[in-house]
Amino acid sequence: MSYKNFPMVPRVVFGRGSFSQMNEIIEPKRLSIKAPFIFLIDDVFKGKAWLTSRIKLSYEDQLIYISSKEEPKTSQIDALVEQIILSGKERPSGIIGIGGGTLLDIAKAVSIMITNKGSANDYQGWDLVKNPAIYHVGVPTISGTGAEVSRTTVLTGVARKLGINSDYTPFDQVILDPELTKNVPKNQWFYTGMDCYIHCVESLQGTYLNAFSQAYGEKAYDLCKEIFLEDHLSLEENQNKLMMASWHGGMSIAYSQVGVAHAMSYGLSFLLGTKHGIGNCIVFNHLDEFYPEGVRLFKQMLSKHNIEIPQGLCSELSDGEFDTMIDVALSLEPLWENAIGKDWQKTITRSKLKSLYQKM
Ligand code: NAD
Ligand code: ZN
């Protein structure tokens, strides 16, 4: 038995307004006046001076707005890296990603691909990255994915949706400023928040559970129940706690694994482009046989916040399309092994998955 030697984010700031410390935090990391910092920021913040005016651009620094309408693609990473390399005189001093899971993953992947040859496609998988990434900083503006602490950056490539999992992927610095989440639309708050809740359920109910992931998972699970089912929190406390729940939920799966909802949601995402948060909710809604208590509370959360889950997503799909989703879901073997156990293949058959997808 060999235990994972898990890399953690070495530096983190937490606090409302802490985003204003970013310039003083990164400036000592500037390699030269010709080596810029590249800020990658969700284009939802275009024209939002309360945030963008606090980013101080010096020398050759660049601010690049990026849409998070679609999940990140390997081709998008390759194009960004080329743009950054061609526009600068020297290799950048660092990449700063500001946004949700989408922007955080893009920042991680770009920082890796600046020092590694070829296409991001070549590095999807486990421990394929050869050279350390350049300095990279994550600033989440919505809470739930755990992308701010994780060892992966999830990309859709030519043939698959799979992360670049490596010791060089985690951020060198994270700035957790819950105030940045203040304008998140309610539905999105719920969907991305449920990603965290589902991480907890899948890790706590999984066969890979151990004291390390349980300690983080139980804390995040309790925080989610408080945030989504109770009424006593102020809006600010709610934002603060969800940001910490996301962090702990991410730490919990880092040392275990996710489960059925994630495996099936990857299938939806690959075929239909369904985004991670909402896709997880669409699937989880039908998983009471696997996670009875988790799904029961999830339904309470849905009705408390008047959230509608899209229905009929799979009603018009062909057999071939079902097969594609089933292939993607079944290929994620560690997720099934965590969820069901070593003999998962006995119960998780193609027809079982098809009947589940048909409900969605
Ligand atoms: P997201 O980054 O796609 O953002 C969702 C929406 O919220 C977007 O429309 C965005 O513009 C908007 N938004 C973000 N912050 C806002 C703010 N402060 N105010 C107003 N609007 C705001 O969503 P997400 O759910 O955080 O991330 C999903 C992505 O994360 C997927 O691509 C998924 O694959 C990835 N992911 C990665 C990991 C990991 O460990 N690397 C884990 C889970 C998910
Ligand atoms: Zn997730």
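The values are calculated or read from the model by the stated rules, or taken from the named source; none is laboratory data. The shown structure was predicted, so the numbers you read here are calculated from the model rather than taken from an experiment. Neighbour counts are summed over all protein chains in view; Cβ atoms, including those assigned to glycine, are modelled from backbone coordinates with ideal geometry. Ligands, DNA and RNA are excluded from the accessible area calculation, which covers all protein heavy atoms including side chains. Shrake-Rupley method; radii C 1.70, N 1.55, O 1.52, S 1.80 Å.
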* Structure fact -> By the mean-Cβ-within-10 Å protection proxy, highest first, 315-326, 159-170 rank as 159-170, 315-326
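Report, in order of residue number, the helices in the chain meeting two criteria: a C-alpha extent of 15 Å or more along the helix axis, and a mean Kyte-Doolittle hydropathy of at least 0.5; treat each whole DSSP H run as one helix.
Details: long enough: 74-87 (20 Å, 0.77); 101-113 (18 Å, 1.31); 186-204 (27 Å, -0.23); 211-229 (26 Å, 0.00); 235-254 (28 Å, -0.33); 260-272 (18 Å, 1.34); 292-304 (18 Å, -0.43); 319-331 (18 Å, 0.24).
Span-like helices in the chain: 74-87, 101-113, 260-272.
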* Structure fact -> the range 251-308: spread of alpha-carbon positions along the three principal axes, whole Å, largest first, is 29, 29, 23
* Structure fact -> Whole-Å distance linking the alpha carbon centroid of the range 101-162 with that of the range 203-221 is 24
* To do: With a ≥ b ≥ c taken as the square roots of the eigenvalues of the C-alpha gyration tensor of the chain, please select rounded if a/c is under 1.5 and otherwise prolate if a/b is larger than b/c or oblate if it is not?
  => prolate
* Asked: Calculated from DSSP H runs of 4 or more alone, at -39500 (n - 2.57) each and per residue, what is the 222 nm mean residue ellipticity of the chain, nearest 500?
  -> -14000 deg cm²/dmol
* Structure fact -> So, over other residues within a Cβ distance under 15 Å of residue 322, counting Lys, Arg +1 and Asp, Glu -1, the net charge is -1
* **Calculated SAXS-style log₁₀ I(q)/I(0) at q = 0.08, 0.19 Å⁻¹ - the range 11-181, Debye, Cα scatterers** => -0.21, -1.27
* Net charge near residue 344: determine it from the other residues with C-beta under 12 Å of the C-beta of residue 344, scoring Lys and Arg +1 and Asp and Glu -1. => 0
* Of 161/186; 219/304; 241/275; 73/186; 56/161; 34/182, which pairs sit farther than 32 Å apart, going by alpha carbon to alpha carbon? -> 56/161; 34/182
* Protein chains only, probe 1.4 Å: how do 182, 73, 89 rank by accessible area, largest first? -> 89, 182, 73
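Got a sec? What order do 11, 296, 16 fall in by accessible area at 1.4 Å, biggest, i.e. largest, first?
Values: 11 160, 296 120, 16 80 Å².
Largest to smallest exposure gives the sequence 11, 296, 16.
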* For the range 214-258, with equal point scatterers placed on the C-alpha atoms only and solvent neglected, what are the log10 I(q)/I(0) values from the Debye formula at q = 0.14, 0.16, 0.20 1/Å, to two decimals? -> -0.31, -0.40, -0.58
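Looking at the square roots a ≥ b ≥ c of the eigenvalues of the Cα gyration tensor of the range 186-357, which shape do they give, rounded for a/c under 1.5, prolate if a/b is larger than b/c, or oblate?
Details: a/c = 2.17, a/b = 1.36, b/c = 1.60.
Verdict is oblate for the range 186-357.
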* Asked: How much of residue 350 can a 1.4 Å solvent probe reach, expressed as accessible area in Å² and rounded to 10?
  -> 100
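If we count every other residue with Cβ under 13 angstrom of residue 213's Cβ, Lys/Arg +1 and Asp/Glu -1, where does the sum land?
Values: positive: 4, 219; negative: 202, 218.
Residues near residue 213 contribute 0 overall.
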* Structure fact -> Between the alpha carbon centres of the range 268-286 and the range 33-66 the gap in Å comes to 31
* Any chance you could list P(r) for the range 187-242, counting all Cα-Cα pairs in 10 angstrom bins from zero, rounded to whole %? => 23, 51, 22, 4
